[in-house]
Structures are given as structure tokens and as C-alpha cells.
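The values are calculated or read from the model by the stated rules, or taken from the named source; none is laboratory data. Computed from a predicted model, the values in this text were never measured in an experiment. Cβ: placed from backbone, ideal geometry, glycine included. Neighbour counts: every protein chain shown. These area figures cover heavy atoms from the full protein model, side chains too; ligands, DNA and RNA do not enter into them. Shrake-Rupley method; radii C 1.70, N 1.55, O 1.52, S 1.80 Å.
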Amino acid sequence: AKSQGASRIAFFDESLRAASTAAIETATALRGAVRRGELEVHYQPIVMTSTRKTVVYEALVRWRHGGRLRGPGDFIGIAESTDLIGEIGEEVLRTALTDLAVLRAEGQDVTMSVNISPVQLRNDSLPGIVGKLLEELGLKGSDLALEVTETALIDDVYAAKAILDRLAAMDVLIVLDDFGVGYSSLSRLRELPIGLLKIDRSFIAEIGTTNSGGSLVSAIAAMARALPVSIVAEGVETEQQARAIEALHCRFAQGYLYGRPAPLQHWLKQSATTAS
Ligand code: C2E
Ligand code: CA
Ligand code: CA
Ligand code: CA
């Protein structure tokens, strides 16, 4: 048993070494990625359930690296554990707001929603960066939404609250992402300037696949109605799920049923076809 334990330790040691070597390689490659223009931002529509018209686009970062497109799951964690997330976050904000100005010029009456890492919420330079970008691009605070997760809020709620309050004072909409999977209490939500809740897609996925048939979504929607917030159902993939969340008065929805994340060009062509 003893020798078995020892070999297991040796095995873990090897896999750990391999994992950290890969992480170091990714971090090194990522460091040049922003400079080389390898980061792209794709956009996924958020629709109003009553009309199914796009009202917001969510910016989702991609990395064109070694001939393939890598999703945020491959590199955001590494960016967060190094000092790269600030630079990447700022680049995504700049790209997303620049593209929003293009969509507006094409006549699309939409706003832009950008994901913010918990690490960015620990740095009080964020409101200044946002303010400067909005001014540069001739946009208003109300043109932008920032999506934060509950992780960001449990870390250091006072620091996060101070930053979010400053952003909300600029009319930036604060969105709580992945709602329901974290630890938020109702009193916590009441303290923070949150205007929109995104119900995590794991709750939407249970509609039509389990016997509970979305009872959790229904409970969350009821709770949200008691707060001064609107709700977005994320990860809507089927017509059945769409009808269920409409019946629960979710005001907004997002998911493959309405549209997958795609480059700006795709959504510009989209508006050209619907206008003609
Ligand atoms: P998220 O903010 O919860 O974004 C939603 C994710 O679900 C996206 O994955 C999207 O492509 C995917 N999705 C949307 N609709 C559906 C659907 O109907 N079914 C299924 N199965 N999936 C759907 P993606 O683009 O891989 O992003 C993953 C996560 O990476 C995001 O989760 C967000 O937390 C993070 N992320 C993305 N872009 C950024 C960024 O610019 N900065 C930071 N800090 N995080 C980002
Ligand atoms: Ca999000
Ligand atoms: Ca989410
Ligand atoms: Ca998520």
C-alpha cells in the first residue's frame, strides 16, 4: 500500500508539472496576444421576450491562436492569475464599445453588455477607464451594461460595492451573471446597485428535461419580482424553454434559440437583411 501511495504521489507530481508548464506556455503566448491583435470579440443577442427583438449584445472574448479559435474557458483563468486580465478586460471593453458605435450607426437600437472579471473589480481604476472610453466614443453610461458574478462580490464586498456604485452613478447598468449558482443573499442584492439578474443556464436546462420542469426558474423569477430588477433567462435552446420563461414573465432571454455568439460582421449583415 505504501509503494502504491508513493507512485500515486509521483503521478500527481507529473500531472501537476505538465499542467503548470501548459499554463506558463499559455500565459507567455497570451502576453503577446493583445499586442498582436489575436483577441476577437464575438457578440450574442439578448432579446426582449415579448417581441424577440435584439435589445442588447453580450460581448464574449475569443482568442485566434495557432489557427484555431479558443474560448474564454481556455485562457481567462490564466489571465486572472497573472496580471493580464486588466489589459484584456480593457481591450474587450474598447472593442465592444467601438463595435456598439458601428451597430448604432447601422440603425440598431441596442446596448452592449461586457463581462467583468472579479479581479477587475478589485481595482478602482475601472470607473475611470469606462468613463474615458465612453467619452472617446461619444457614448453614454446607459449604453453599457457590465456583468459581474457573485464570486466578485463575496471576495471583498465593500471594495466591489464602492466601484459598482460609481459605475451605477454613471448610469451603467450592473448585471448579476449566473444568478442562482452562487451565494448571494437577498439582503446582499439589496445593498448593491444591481439592475438586472441573469438566471444561470443550468436552471433553464432543466425545463423539459426533468420532472421539476423549471420549478427552480419559477422560484427565482418570483423572488426577482420582489426586487427592483429585471431578469434575463440565459441558455434558452428550445421553443419549449422559450415559452416557459415567457410564461414566467422573464423580460429578457438569451440562448442558441435566438442566436449564437458571432463576429460583428454577422450582425451587421443581419440588420441589412431585415431592413430591406
Ligand atoms: P457567461 O458570461 O455566462 O456567458 C455565457 C456562455 O454561455 C458563453 O460561453 C456562451 O457562448 C454560452 N451560451 C450562450 N447561449 C447558450 C445556449 O443556449 N446553450 C449553451 N450550452 N451555451 C450557451 P463562452 O463564450 O464560452 O464564455 C464562457 C464564460 O467566459 C462566460 O460565461 C464568461 O463568464 C466568461 N467570459 C467571456 N468573455 C469574457 C470577457 O471578455 N471577460 C471576462 N472576464 N470573462 C469573459
Ligand atoms: Ca455573462
Ligand atoms: Ca452567465
Ligand atoms: Ca457562466
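Values computed for the structure shown
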{"read-out": "Failed criterion for ALA101 (all others in (1) in contact (Cβ under 8 Å) with a residue 40 or more places away in the chain; (2) surrounded by fewer than 19 Cβ atoms within 10 Å (Cβ to Cβ); (3) of a type in the set (A, V, I, L, M) hold)", "value": "(1)"}
{"read-out": "Any hit, region 232-239, residues being out of contact with any Leu (no Cβ under 8 Å at 6 or more places or on another chain), assigned to a helix (DSSP H, G or I), open to solvent by 30 Å² or more (accessible area, probe 1.4 Å) and away from ligand 4 (no atom under 16 Å from the Cβ)", "value": "no"}
{"read-out": "Neighbours by Cβ (under 7 Å, 6+ apart or cross-chain): first from region 237-261, on the phi > 0 side of the Ramachandran plot; second modelled with pLDDT of 95 or more and crowded, with 16+ Cβ neighbours inside 10 Å", "value": "GLY255/GLU234; GLY255/GLY235; GLY255/VAL236; GLY255/GLU237; GLY259/GLN44; GLY259/PRO45"}
{"read-out": "Close pairs (8 angstrom Cβ cut-off, 6 or more residues apart or separate chains): farther than 17 Å from ARG243 by Cα in region 207-223, modelled with pLDDT under 80 anywhere", "value": "MET223/LEU186"}
{"read-out": "Qualifying residues in region 240-272 (those that are part of a strand (DSSP E or B) and of a type outside the set (Gly, Ala, Ser)) - the one surrounded by the fewest Cβ atoms within 10 Å (Cβ to Cβ)", "value": "PHE252"}
{"read-out": "Filter result (part of a helix (DSSP H, G or I) and either among the basic types (Lys, Arg) or under 14 Å from the mean Cα position of the chain (by Cα) (or both)) within region 67-76", "value": "PRO72, GLY73, ILE76"}
{"read-out": "Subset of region 158-197 [more than 16 Å from ligand 2 (Cβ to nearest atom) and in contact (Cβ under 8 Å) with a residue 60 or more places away in the chain]", "value": "none"}
{"read-out": "Considering residues of region 139-195 that are hydroxyl-bearing (Ser, Thr, Tyr) and within 29 Å of ALA219 (Cβ to Cβ) only, the residue most open to solvent (accessible area, probe 1.4 Å)", "value": "TYR183"}
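Residue-wise test of (1) within 16 Å of ligand 2 (Cβ to nearest atom); (2) out of contact with any helix residue (DSSP H, G or I) (no Cβ under 7 Å at 6 or more places or on another chain); (3) modelled with pLDDT of 95 or more.
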site: GLY71; (1), (2), (3): yes, yes, yes
site: LEU84; (1), (2), (3): no, no, no
site: GLU91; (1), (2), (3): no, yes, yes
site: ALA96; (1), (2), (3): yes, yes, yes
site: LEU126; (1), (2), (3): no, no, yes
site: VAL130; (1), (2), (3): no, no, yes
site: GLY141; (1), (2), (3): no, no, yes
